[in-house]
Each structure stands twice: as structure tokens, then as C-alpha cells.
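Take a look at the structure below.
What follows draws every value from the coordinates through simple rules; no lab data is involved. In this text the structure is predicted, and so the values were computed from the model without any measurement. Methodologically, a virtual Cβ is constructed for each residue, glycine included, from the backbone with ideal geometry; neighbour enumeration extends over all protein chains shown.
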Amino acid sequence: GYVLGAGDDIPIALRRMGYELRVLEGKDLTPEGLAGLDALVFGIRAFNVLDDLEARMDAVFEFVQQGGNVIVQYNNPRGLTVSRLAPFDLSLSELRITVEDSPLTVLAPDHPVMNRPNQIVTEDFDGWVQERGLYFPNRWGAEFTAVLAGADPGEQPLEGGLLVARYGEGYYVYTPLAWFRQLPAGVPGAYRLFANILALGRE
């Protein structure tokens with residue numbers, strides 16, 4: 001399932017990868033509407049531009065508890081339309097990594113998201129376009145595993161590039177990396193890593 005945010009072409013990319021995908025609206029985020037889905041992806045700034053998600057978050061978190069996989073892409077901390085982005089503590093900042101070839105450090109190399117079905121290597125972060133990511137989290141609960149860190153030259157590392165948490169039987173993922181630029185641009189490593197994120201709990 002994919003909830004469109006401010007507009008991106010990731011649904012097109014996912015269909016090209018072979019996923020069966022349904023575009024959902026806020027009204028569809030009910031236990032019945034989410035039944036049968038393996039994963040639910042929120043598009044960029046979905047929690048800034050959609051005003052009907054607050055009442056749906058309990059159903060989203062229940063979906064994770066029951067074994068679903070939820071992936072939330074970047075949101076601006078200003079103007080959030082929900083009181084809770086995640087089932088655990090999560091706070092966003094306006095920090096970003098603007099240099100697209102800034103090195104990324106793998107903080108949790110043994111985590112499934114870095115290994116299945118694709119073993120992610122340094123070269124997978126080559127050839128990214130325009131920027132690494134934006135509106136990185138600056139605080140999160142201990143339930144999250146911080147998987148990737150990076151920074152613009154001369155800046156302090158930002159460790160919230162890929163946050164993964166188990167919640168019940170499923171996974172909740174927050175990632176401010178600029179997938180909306182990388183996937184339409186055909187960056188191979190971005191496809192490989194995004195496929196791993198979608199596969200969490202399905203390895």
C-alpha cells in the first residue's frame with residue numbers, strides 16, 4: 001500500500017520492481033483497508049499535507065503489531081498533522097545532508113535490512129543524485145536501531161538516516177533519505193536497499 005504525500009514517482013518505481021501496489025488515501029487506513037498488505041509506505045511529507053491521518057494512526061500501528069511493515073519517508077517537522085509519527089518516541093529536525101556523495105556509515109552492519117535479500121555494500125551509496133536526505137530525526141526511542149549515519153563535509157554525523165524498530169510482529173521504519181530522487185533516477189543501490197526495507201519480516 002502507498003499513501004501519496006506531496007507528490008513523487010516512487011509508486012511507478014515500485015511497480016517497475018514487480019510489486020503489486022495499491023494507492024491508498026487516509027480513509028483507507030482501517031484494519032479492513034490494510035488487510036492483506038505486507039507493507040505500507042507513506043510518501044514524502046504525507047504527514048504535512050494530509051489532514052485526515054491523525055484518526056488513522058492507531059490502525060496503522062495495529063497493522064505493524066500484527067506483522068505489517070510500515071515505512072515513513074521524510075516529513076517537515078513544521079506543520080505535522082499528527083501528534084505521533086511512530087509507536088515510539090520520534091522527533092524530527094530541519095537538518096539535512098545536501099552533498100549527494102557524502103560518505104554514509106553503516107552503524108548496524110549485521111541488521112537484516114543491510115543483508116536480506118541484498119547484501120548492501122559501500123558501492124550501493126555511489127551515484128546518488130542531488131542530496132542524501134532531509135529533515136533528519138534528532139531524537140528517537142531506544143526501540144529504534146540506527147542503521148545509517150552521514151553528514152555534509154565538516155558537519156557532525158546525523159545518525160537517523162535509517163531507523164528501524166520491531167513493534168509486535170512487524171517493523172516500523174523511518175527514513176529521511178531522498179528516495180523520491182534516487183528511485184526515479186534509477187540509482188541501483190537505492191533500489192537494492194529499498195527492496196531490503198520492504199522485505200523486513202519477509203526474509
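Values for this structure:
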read-out: Total charge dipole magnitude, the stretch 1-130, about the Cα centre, Cβ charges on Lys, Arg, Asp, Glu only, Debye to nearest 20; value: 120 debye
read-out: Net charge, VAL99 excluded, C-beta distance under 9 Å - Lys, Arg +1, Asp, Glu -1; value: -3
read-out: Other-chain or far-sequence residues with amide H under 5 Å of LEU158's (modelled H); value: GLY150, ALA151
read-out: Of all DSSP beta bridges in the chain, antiparallel share, percent nearest 5; value: 60 percent
read-out: Volume of the Cα convex hull of the stretch 152-193, divided per residue and given in Å³; value: 94 Å³
read-out: Calculated log₁₀ intensity ratio I(q)/I(0) where the Debye formula runs over C-alpha points of the stretch 67-187, q = 0.12, 0.19 Å⁻¹; value: -0.42, -1.10
read-out: Integer Hz, Karplus 6.51/-1.76/1.60 couplings in order for the stretch 49-60, x for Gly and Pro; value: 9, 9, 9, 10, 8, 4, 6, 9, 5, 4, 5, 5
read-out: LEU92 long-range amide H proximity, modeled H, under 5 Å; value: ASN138
read-out: Relative contact order of the chain, defined on C-alpha pairs under 8 angstrom at six or more residues apart (%); value: 23 percent
read-out: Calculated P(r) of the chain - Cα pairs past 30 Å, %; value: 12 percent
